[in-house]
1. Take A:Leu614 and tell me if it is surrounded by fewer than 19 Cβ atoms within 10 Å (Cβ to Cβ) and modelled with pLDDT of 90 or more.
2. Tally time: how many residues in segment B:212-237 are buried (at least 21 other Cβ atoms within 10 Å of the Cβ), of a type in the set (Gly, Ala, Ser) and within 24 Å of the chain's Cα centre (by Cα)?
3. Can you tell me which of A:Val227, A:Val182, A:Val198 is farther than 21 Å from A:Leu575 by Cβ, modelled with pLDDT of 85 or more, hydrophobic (A, V, I, L, M, F, W, C) and part of a helix (DSSP H, G or I)?
4. Would segment B:65-78 turn up any residue that is aliphatic (A, V, I, L, M), within 8 Å of chain A (Cβ to nearest Cβ) and part of a strand (DSSP E or B)?
5. Among the residues of segment B:479-491, are any within 11 Å of another protein chain (Cβ to nearest Cβ), crowded, with 16+ Cβ neighbours inside 10 Å, part of a loop (DSSP other than H, G, I, E, B) and modelled with pLDDT under 75?
6. Determine which member of the set A:Ser240, A:Ser293, A:Ser314 is modelled with pLDDT of 80 or more and surrounded by fewer than 18 Cβ atoms within 10 Å (Cβ to Cβ).
7. Step by step: first the residues of segment A:166-195, then only those that are closer than 30 Å to A:Trp528 by Cβ and not hydroxyl-bearing (Ser, Thr, Tyr), then the one that is surrounded by the most Cβ atoms within 10 Å (Cβ to Cβ). Which residue is that?
8. Which residues, counting only those in segment B:583-604, are within 14 Å of another protein chain (Cβ to nearest Cβ), touching a residue at least 12 places away in the same chain (Cβ under 8 Å) and either farther than 19 Å from B:Tyr390 by Cβ or of a type in the set (Ser, Thr, Tyr) (or both)?
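The values are calculated or read from the model by the stated rules, or taken from the named source; none is laboratory data. Just so we're clear, the structure is a prediction, and the values are computed from it rather than from any experiment. Ideal geometry is used to build each Cβ from the backbone, glycine not excepted, and the neighbour counts take in all protein chains shown.
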Number of protein chains: 2
Amino acid sequence: MSWLAGYGKAQDEESDNLGVDWVLQYDFSDTAQNQAIAEFRSLIHDLTEAGLRAQVRHGHGSSLLVCLRVPRDHLGNMIHQSRTKDWLFGITHSLPEGDENTVVHAETAAEEIRSVYHAVTWKKELGGAGITANHGRWKNVTASFPLHDQDACSQLLGQWNRKTVLTTEDLDTIRALFGEKVAFYYAFIQCYSLFLIVPAVLGIFGWLYLGPYSIFYGIAICAWCVVFVEYWKIREHDLSLRWGVKGVGSLKVNRPQYQWEREVKDPVTGEVMKVFPGWKQFLRQLLLVPFASVAAVALGSLIVGTFAFEVFISEVYDGPMKEFLEFVPTILFSLSLPGINSFLTNIATRLTKYENYRTQDLYDLAQTQKTFVMNFITSFLPTLLTAYIYVPFGKFIIPHLNILRTYDHNAEVASHQAIEVDPSRFQQEIIYLTVTGQVLGFAEEIVLPYVKNVLWQKWRNYRDHQVGLTRQRSFSTATDLLLIDRSDEAKFLKRVRSEADADEYKVEDDILEMCVQFGYLALFGVAWPLVPLGFLLNNWLELRGDFFKLTLECQRPPPIRADSIGPCLLGLDFLAWLGTLSTAAIVHMYRGPVAEVKLSSLLLTVFVAEQAYLAMRFVAATALQKIFSDHVRREEARRYAVRKSFLEANNSVGNGSPGPRVRQRVRFHEKVNVYNPTETPPSYDGSPTPSVEESQDEALRGSDRESEFWHGLSCDTADAGVKLIRALSGSRPVDEKWTKEA
Amino acid sequence: MSWLAGYGKAQDEESDNLGVDWVLQYDFSDTAQNQAIAEFRSLIHDLTEAGLRAQVRHGHGSSLLVCLRVPRDHLGNMIHQSRTKDWLFGITHSLPEGDENTVVHAETAAEEIRSVYHAVTWKKELGGAGITANHGRWKNVTASFPLHDQDACSQLLGQWNRKTVLTTEDLDTIRALFGEKVAFYYAFIQCYSLFLIVPAVLGIFGWLYLGPYSIFYGIAICAWCVVFVEYWKIREHDLSLRWGVKGVGSLKVNRPQYQWEREVKDPVTGEVMKVFPGWKQFLRQLLLVPFASVAAVALGSLIVGTFAFEVFISEVYDGPMKEFLEFVPTILFSLSLPGINSFLTNIATRLTKYENYRTQDLYDLAQTQKTFVMNFITSFLPTLLTAYIYVPFGKFIIPHLNILRTYDHNAEVASHQAIEVDPSRFQQEIIYLTVTGQVLGFAEEIVLPYVKNVLWQKWRNYRDHQVGLTRQRSFSTATDLLLIDRSDEAKFLKRVRSEADADEYKVEDDILEMCVQFGYLALFGVAWPLVPLGFLLNNWLELRGDFFKLTLECQRPPPIRADSIGPCLLGLDFLAWLGTLSTAAIVHMYRGPVAEVKLSSLLLTVFVAEQAYLAMRFVAATALQKIFSDHVRREEARRYAVRKSFLEANNSVGNGSPGPRVRQRVRFHEKVNVYNPTETPPSYDGSPTPSVEESQDEALRGSDRESEFWHGLSCDTADAGVKLIRALSGSRPVDEKWTKEA
C-alpha cells in the first residue's frame, strides 16, 4: 500500500497482509454440497473474469475464505479510469493525463481499496465481478471486506493517545485509511468536541455561580447550538472540497436492487439513463409520516407504560419487595425494546426498499433518516416525559395510578396533597444521562462486544480444533494439505478468519450516537451546567474507543466516498430548533416553583425563543459564510487556474503558430498607438483621421444614411464638440480663440 | 442587431438607430468653458483609445450628445473574449472555439450591447474607456445609455396585448432585448400572476360562501404563499441555467469605488486579487440593525402620529370644518414622507458605500435590502397598526387623544363606553389597498410620469427653438452647421435627446413593488377574499404598463446579467413567514367579537401557525425540488457531455494514433478470454494456469512469503475450493467422487 510509503517495509510477519486486497467468505452450511460446488465455481469464474486473482483457504466451520488480489497494472488502470470519471462528473477540475491504458499509483490506500471494491462489486457491464454479499445469487457470500492495515492502525491509535486534539492531518490519515465517509465522522466528533469546550467552561462557571436553570446559561447553550450547526455545515463543505469529494453522490453507480420505470436516452449526453420519476418517489417517501406515527405510538406507549409502572412502584406501591420491584419496569423495557426496535427497523427497511433509490448512498440516507426518527423517540421521549409531564402534572397523575386501591378514600385524599413530585427528579435524570448513561453506553458499545468477541473466537478455535481432529482421517492427502494451515500462514489466516467473523462497521450508528448526545445537550443541558463537561470527557474516550472498535472489532469498511455526514445534518438542525424551545420552556418552568407556572406566559416565552432562534440562525449562517468563505473561493480559483492553463495550452496549439506570439494582448489592433509622438502631437487630440478609419473599419455596413451619419461631418469629433461647447455656452463671444486654434 | 434577424431590414426611418450603439450626454452647464473643452477632449480621447468611434451632436441646453459605435470586428472580438471569460469562471461548460483574435456574432442584442457597455465603462486596464457616468472625473457625463430598439419594443407590446399569458419564449425575447436582470423581473411577475389564479378562484368561492376571516381560506393563503416562494426559487434556478447565467456574480469586475485592504497573489491562479476581509464587511453590515431601528422609529412615529391625528379628528374632534380637516393628516404625511424617505435613503447609501462591496451587483443588493426595510415599514405599518392596535385597543386609546378637553368629565366617561371601534374599518382599509391603492399606484407610476414627460419635452423643444433663434447669428458657418440638425437626422436626434433626458430604469423598484403586493396578500389577504383577484387584474395591467414605462419613459438599461431577483427573494421568505403569523392572528381575532379575544389563546394560535409554517416550508421545498429537478439534471448532463466529447477528442490526439483504435475498451487485456473453447473447456473452471499468470503479472512484488501464498498451492483455485467444500461438508464421505474428478 502506498499509504505512508516507508511503512510497508517495516511490516513484521504478523501484520503483513500477504498482498491480499480483499476477502470473501463463502458460507455453505445451509446449502447442498452439489449446489455449493456449482456456486463456488461460478464465484471463482466471475472473479477471474473480472481480472481478479483468487486464493482459497478454509474458514471457520462450513465456510471458505477467498483471498483476492487485483494485478497491479489492472488496479492502476482502474484507478486512472476512476479519476477520469471523477473529472467527467465534475468532481475534480483537472483531467488526469493519459489514455485508456494508463496505469497510475493510488494516492491513498483508500483509493486503491475503493477500486478493488469496485472490481469485486460492480456489475459485469461496468467491468466488475458483480459480487454483492448477502444478496440474490450471492446470498452465501456472507462477508466481503478488505483486510485491516494493522500497523498503520496501531501506530495511529498510539499517536492519538499522546495528544488531546486531532488535527486536520489526522483526519487526512483516517481518510487515507478508511475513506471519506468514515473520516467525516471523525471530523464531526473532533469539531463537536472542540466546540464543546466553550459550554464546558461556561458550565463550570455556571455550576459554581449560577446554579441550574440559569437564563444566561440557557441562552448561551442555545446560541452555541445554532453556531455549532451552522459552523459544521461550512466545515463539512470545506472538508469535502479538501478531499475532492464535493458532489460525489452523482457519479455513484445504480444499486443492483434499483428498479427503473423506463430507459431514457439523454438528449444531451446520449447516455441511456434509467429513470424513476421524482414525484413518484416523493409520494412513496410520504409513507414516512405514517411510519413515524406508528413508531411514535409503539415506542411511546412502551415508554409511557414503563414510566407509569415505575412511578407507580416508587411513589404509590408500598408492598413487599419494593426495592427489587423498582427495577422490574426498566428490565422489562430493556428486554422488549430490541424486539420492537427490530420490528420497526424491519418496516423501515421495507419502506426504504419500496422508495427505490438509485444509489446505495441515497438508500443509506433514507434508512438513516428512519433510524433517526426511532432513535429520537427512544432517546428523548423518557426525559421529555419527566420534564414536561411527570414533574409538573405528577400530582394529578399519580393518584390515578393507584389501581391497587391499597389506601382507603381518606388516605387517598391525603396523598393527593402529600404527593408533590420533587422537581429535582428531572435534574437527577439528566445527571444520570450525562455520567452513568455515557459510561454504560461506552461499555455496551465497545467493551462488551470486545469481550464477547474474544470469548467467541476462543470457543470457535477450540471447536474447529475438535472438528479438525475428527475430520483429519477421512480425506485424501491433497485435501489434507488444504485443511491444515501452513505454519507460515497460520497467524495470517487466523487473523483473516477472525476479521471475517467480525461485525460490519456502520459509521452511521456512530454519527447518530453523537447526534443524540448533541440532542441531550440542546434539549436538557440547561438543567445541569456540567452536562457539556461530562460530554467532553466522554468524547475524548469515545473517539479513541470508536477507533479501537473500528480497527479491532469490526471488518474494515469499504472506503466509500461521501461529501457530508448525511441526514444527521438535518437532525442537528432539528435538534437545535427543538433545543431552543425546550431550553426556554425548562428555564421558565423550573426557575421558580413548578406549580406556579402559567400556561400563557410559558407559551409567550417559547414563542419569543423561537423567533430568537430563527433570527440567530439567519445571522450565524450569514456571518459564518462571510467569514469562512476562503475554501470556496480557493476552489473557484482552482477551477479558474485549470481552465486558464488549458486555454493557454489550447491557444498555442489550436493557433498553429508554435513559436512565441508577440502580437498577443494587443487588444485594439485596428487603432494606431495614439501616444506615438511621431504621428500625432502628444495631446488629447489623438483620434485618427476619418480617412484612415474608413479603410480599416470595413464593418460599417448599412444604409447611406447610416454612413452619412458617421462620415458626414468633415471635421474631427473632438473639434466638433469643442465648437459646440463654445456655441452652446451662449453669452461669451469666443470667435477669436476659435480662429486661433483652427 | 442580430436579434430578430429579418427585422432590421424593415426598419423605417424613424426608428432606425443609424448604427449608434451607445450615447453619452455631456452636460457642461455648471462648468467653465475651458475646463469643459479640456474634459470633452479627454473624453473623446479616452473613447477613441478604447477603440470606439464617436460622433457629436448638440443636446438640450448646455449639453452634448456623443454617439458611440464599436467597429464590428472589435465588438465581435470583445464578445468572444467575454464568452471565454464566462468559461474561465465556470459559467458555461464549453470553451468557445477560436483564439484571441476570433470575431464572433452576438447571439442577442443584449449580448452585443453588454460588450459595448463594457467597452465604455470598464477600466482602461481591462480594455474599456473607463467612463462611469456621474462619478468622479466624469461627473459631467450625465447620461450613458444604449438606444431603444423601437420597432422590436412596439412589436412586442403589440403581441402582448393580443395574449393574456407570457410564455417562456416571451421572456427569452425580453432577455434578448434588455438582458437577464430585467428579464428576471418579468419572469417573476409572470410566475407570480399565474400563481395568483389559484387564490383568486378560491377567493371568489370564499367571497360567495365563506365570508372574510375564514379559517379554510386563511390556511389556503398561507400554504399558497409558501409553495409559491419555494417554487419561485426553483424557477429562478431553472431560468438562470436556461440563460446560462448561474453564478455570474463571481466574474463581475470590481466597482471603481471599491477599496481593498491588500493585494493578494492567489496561490492557485497567480492572479492578483484585491481583498477586503469578509469579517470586516460583516461587522460593517451589522450597522443595518441601528439603521433599521432609526428608520423604524422615524417612519413609525410619523405614521403613528398621522394615524393618531386622523383618529382624533374623525372620532373625537367635533368642531368646525371637520370634513376638511380629516384630510389634513394624510396630506401632511404625504408631504413629509418624501423628505424623510430621501433622508433615510441618503443614510442607506452612505452605509452601503461604507460596507465597501467589490462588485456593483453586491452593492445594488445591499442597497435594495435597505430600501426593502424602509418600504416594509411605510407599506405595512399603517395597516398593521389598524389591525393590531387601533381596532382591538381603540376604545382605550381614543379617549386619551382628547387633548382639547372639549368635553366635561362626565361626557368623557360616557364617550369611554360609547367609542367602540368598528372592526370593519380594517377590512375597508384592505379593500382600499386592493382596489383604489393599486389603481392610484399605477397612475402615479406610469401615467403621471408620461404626461409630465410629454409636457416637459414640449416645453424644452419650444425653449430650444427660442434659444436657437437668438443664437443663430453669432457663430461661424462651421458651427452653424453643427447647431442645426440635418433634415434626415432631425427625427433621430430628437429621439436621442428625449431618451437622454429620460429617467434611468431601476428594475429593483418594480420587483420591490411586486414584493410589497405579495406582502399585502400574505399579511392581510384573509380579511377580504377578493384581494388576490384584484391583484391579478392589476398585474395584467402592471406587466404591460411596466413594459410601456421601460420602453417609452426610461432609458434603455444596460443589459446587465444576474442569476436571481436578488435580495427580494429573502424578503419573500420573510413575508411568507410573517404572513402565516399575521393570517393566523387576524383569523383568530376577527372571527368573533374582537373584545372577547384572549391573549393566551391568540398566542397559542400563532405559535401553532408558526410550526405549521416551518413544517410546510420543509415539505414544499423537498417535494418541489424532487419534482422539478429536471433542469439541474440536464445541466449536469450538459457538463458531462462537454467533458466526454473533450476526453474523446483528447484521447485521439494525445495518443499519437490518429487512426481508429480497435483495441479500446478491452478492459481486462491481461486475461485470456475464458469463453474461448479452443483454450479451456467451456466450464466455470476457466481461470488460467498459474504459469501463464506468473509471466503476465509482473506486479507481484513483495516477499517470498507473499509469492508463496499466491503460488503455493499446486492446484487450481476453484478445484481447491471444491476440495475444501467437500472436506468441510463433513459427514458425507465423498472420496470416490473426488478421486474421479481428480
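1. Yes.
2. Counting residues in segment B:212-237 that are buried (at least 21 other Cβ atoms within 10 Å of the Cβ), of a type in the set (Gly, Ala, Ser) and within 24 Å of the chain's Cα centre (by Cα) gives 0.
3. None of the others qualify; the one that does is A:Val182.
4. yes
5. no
6. On the way: A:Ser240 fails: surrounded by fewer than 18 Cβ atoms within 10 Å (Cβ to Cβ); A:Ser314 fails: modelled with pLDDT of 80 or more.
Being modelled with pLDDT of 80 or more and surrounded by fewer than 18 Cβ atoms within 10 Å (Cβ to Cβ) holds for just one of A:Ser240, A:Ser293, A:Ser314, which is A:Ser293.
7. Applying the filter and picking the extreme gives A:Ala187.
8. Of all residues in segment B:583-604, those within 14 Å of another protein chain (Cβ to nearest Cβ) come to B:584-585, B:588, B:597-604.
Right, trim to touching a residue at least 12 places away in the same chain (Cβ under 8 Å) and you get B:584-585, B:588, B:597, B:601-602.
B:Ala584, B:Ser601, listed by residue number.
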